[in-house]
Amino acid sequence: MKEIKVELADRSYPVLVGSGCLGRIEKYFPESARRVAIVTQEQIGIEIPFSKDFKVFEIGKGETAKSIETVIKLCREWVDWGLTRSDIVIGLGGGMVTDVAAFAASIYHRGLNVINVPTTLLGMVDAAIGGKTGVNLPEGKNLIGTFWQPKAVICDIDTLRTLPEREWKCGYGEVAKYHFLGADDMRESGLIDTVVECIKVKTSIVAEDERETGNRAILNYGHTLAHALELENKFTLAHGEAVAVGIRYAAQVAFYLGRIGEDRVAYHEEILNHYGLQMKLGKRVDIDRIISLFSKDKKSMDGITFVLDGDLGVEPVLVQDVNILMKAMEVVQ
């Protein structure tokens, strides 16, 4: 087992990675906790061993269940059960579950402790760490949310044993992203070391910019197009799949802007190919509609903002030439 600490002063917390980590979860409970609310989904089917009084609260599947209505339902059920501010919530599942559980915890009684237990690779390397919570609106992804740091994050790789192949690919879409954010080359690393390396990069970025007012935006590499594609396809395209296409697209935009050369574009393709990720959509999309969705991305302030590669590394860039964005789409269709 390996433990990485997210350094955030009085909001610092550990991220535990390894086999059998779930058996240690109770050591991270606050002494005041009498009850534990476990937020999960029916198909996950993972039990957590501890001695506290607990109740399981199941939420729906898919991005459509990642909504404010789901959060309200959870909070009302917690009231009925008698959950108090001194108790604790556990988000047990993929990134959608931990996002919803932590958001509900952050607003219930103005905030109570939450522990994230990601059961997908995507959740372990990205979604469950960093304190960003949120739900979707029909107009965009994660447009309602809070910053609420967990008490701990438990990444037990044993929970990945039954993960479908598509979910592995989703996780590797996020892993690929870290190759461009300063991570060591992970192509020859084992699973635990890969997860740990991604977490180290993410926690260092979060420690510098907890509330995404600056450099933390680079964690959205590949996500501007990804979020638009997810909305346009009504979430039939999985997040990690969309991110892989988004990374290739971002490389092409950077190339057309003169920020990177052909060799760097080829490196993007090499990394995506290594993880078996599809870089093309395989069908035409409404480019005008996609570009209109770019402006609704939560990074956008004064126009369409992309996270792009360049000589100084990955950074947010205001892109004013829409023709470049349209031209780059041809590469991933």
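Of note:
- Scanning region 218-229 for residues that are touching a strand residue (DSSP E or B) at 6+ places or on another chain (Cβ under 7 Å) and surrounded by 24 or more Cβ atoms within 10 Å (Cβ to Cβ) turns up 221, 224, 227.
- Identity of the residue in region 288-323, under 18 Å from residue 205 (Cβ atoms), among the hydrophobic types (A, V, I, L, M, F, W, C) and part of a loop (DSSP other than H, G, I, E, B), that ends up modelled with the lowest pLDDT: 312
- When residue 236 is tested against (1) in contact with a Leu (Cβ under 7 Å, 6 or more places away or on another chain); (2) of a type in the set (Val, Ile, Thr); (3) under 21 Å from residue 64 (Cβ atoms), just one condition goes unmet, and that condition is (1).
- For residue 186, the criteria (1) under 23 Å from residue 266 (Cβ atoms); (2) assigned to a helix (DSSP H, G or I); (3) over 17 Å from the mean Cα position of the chain (by Cα) hold in every case but one, which is (2).
- Wholly enclosed strands (runs of 3 or more DSSP E) of region 23-115 bearing at least 1 residues buried (at least 23 other Cβ atoms within 10 Å of the Cβ): 35-40, 88-93
- Subset of region 117-167 (residues that are assigned to a loop (DSSP other than H, G, I, E, B) and hydrophobic (A, V, I, L, M, F, W, C)): 128, 129, 148, 163
- Filtered residues of region 206-217 (kept if surrounded by fewer than 21 Cβ atoms within 10 Å (Cβ to Cβ) and assigned to a helix (DSSP H, G or I)): 207, 208, 215, 216, 217
- Inter-residue pairs, beta-carbon under 9 Å, first farther than 16 Å from residue 42 by Cβ and in region 90-112, second of a type in the set (Lys, Arg) and outside any strand (DSSP E or B), 6+ apart: 99/66; 108/85; 109/85; 110/85; 111/85; 112/85
- Scanning region 28-38 turns up no residue that is within 19 Å of the chain's Cα centre (by Cα) and in contact (Cβ under 8 Å) with a residue 60 or more places away in the chain.
- Restricted to region 41-82, and to residues there that are modelled with pLDDT of 95 or more and aliphatic (A, V, I, L, M), the residue that is farthest from residue 118 (Cα to Cα) is 79.
- Here residue 206 fits the description: in contact with a strand residue (DSSP E or B) (Cβ under 7 Å, 6 or more places away or on another chain) and closer than 24 Å to residue 2 by Cβ.
- Screening residue 17 against (1) touching a Lys or Arg at 6+ places or on another chain (Cβ under 6 Å); (2) within 20 Å of residue 105 (Cα to Cα); (3) among the aliphatic types (A, V, I, L, M) leaves a single unmet condition, (2).
- Selection count where residues are aromatic (Phe, Trp, Tyr) and either under 19 Å from the mean Cα position of the chain (by Cα) or outside any helix (DSSP H, G or I) (or both), scope region 250-287: 1
- The selection criterion, being in the same structural domain as residue 144 (by TED's automatic domain parsing), among the acidic types (Asp, Glu) and over 20 Å from the mean Cα position of the chain (by Cα), holds for residue 87.
The values are calculated or read from the model by the stated rules, or taken from the named source; none is laboratory data. Note that the coordinates shown come from a computational prediction; the quantities given were computed from them, not determined experimentally. Note that we place each Cβ from the backbone using ideal geometry, even for glycine, and neighbour counts take in every protein chain shown.
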